[in-house]
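Working notes, beginning with the structure itself.
The values are calculated or read from the model by the stated rules, or taken from the named source; none is laboratory data. All figures in this text were calculated on a predicted structure; none of them were measured in a lab. So basically every Cβ, Gly included, is an ideal-geometry build from the backbone, and we count neighbours across all protein chains shown. Keep in mind that these areas ignore ligands, DNA and RNA; they rest on the heavy atoms of the full protein, side chains included. Shrake-Rupley method; radii C 1.70, N 1.55, O 1.52, S 1.80 Å.
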Amino acid sequence: AITLCAGCTVHPAGEQAQRLAARAAGKPFEKPPARRIMPALPDHPTPDDLVRYALLTNADLEHKYWAWRAAIEQIPQAGTPGTTLAINAASTITNGRTALANTSITAENMPSMMIPWPGKLSAAARQALDNARAAGDQFRLAQFDLRRRVLEAYDDYALTAEQIRLEQANAALLHTAAAAAEAR
């Protein structure tokens, strides 16, 4: 008996671009966290230093990245049938000969699984691609949100530092005025 198994996977247009974009965006997350070398912040970091550090060390951002990668890996899963068509050809040999009457050809799949129409596989793969694009957008949104939060915190810090400096200058001015008044 000869058994041939056929199966195919639908890869929609745009899947490869998503994979390449995810690989490029995920360079900092390739190594496990324990093996990564995190950049040290300088004593007086610039806003760019703080944003760079936050983008490399934020666990929520990394989670969004891996959710994106998982969504990309769902594309071939959605575009692959759950079962394959098996084509069997069998013939009995009687007295050293085979006969067409004793030959059977069957096409079957697992009884518990349906063979989906190819259009359904294409639609499922395109839907999975759309989900992967949405997950990629969520990752990029998380990057921009993290950048915004870091820069807002830096601005708040700089504003508070300037207010403290002004209050110290005010206190010194009042101290000088009080000393001058006392001297008169």
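Observations on the structure shown:
- Of all residues making up the stretch 46-63, the number that are open to solvent by 60 Å² or more (accessible area, probe 1.4 Å) and of a type outside the set (Phe, Trp, Tyr): 6
- Look at the stretch 7-32: where a residue is more than 17 Å from Ser122 (Cα to Cα) and a partner is open to solvent by 60 Å² or more (accessible area, probe 1.4 Å), sitting 6+ places away or on another chain with Cβ atoms under 6 Å, you get Ala22/Arg69.
Every residue, every condition in (1) at pLDDT 95 or above; (2) open to solvent by less than 90 Å² (accessible area, probe 1.4 Å); (3) more than 15 Å from Lys64 (Cα to Cα), yes or no:
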site	(1), (2), (3)
Ala132	yes, yes, no
Gly136	yes, yes, no
Leu141	yes, no, no
Leu146	yes, yes, no
Arg149	yes, no, yes
Tyr157	no, no, yes
Ala161	no, yes, yes
Asn170	no, yes, yes
Glu182	no, no, yes
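- Residue within the stretch 112-122 that is open to solvent by 60 Å² or more (accessible area, probe 1.4 Å) and part of a helix (DSSP H, G or I) present: yes
Here's the yes/no breakdown for (1) open to solvent by 40 Å² or more (accessible area, probe 1.4 Å); (2) at pLDDT 90 or above; (3) closer than 24 Å to Leu146 by Cβ:
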residue: Ala1; (1), (2), (3): yes, no, no
residue: Cys5; (1), (2), (3): yes, no, no
residue: Gln16; (1), (2), (3): yes, yes, no
residue: Pro28; (1), (2), (3): yes, yes, yes
residue: Arg35; (1), (2), (3): yes, no, yes
residue: His44; (1), (2), (3): yes, yes, yes
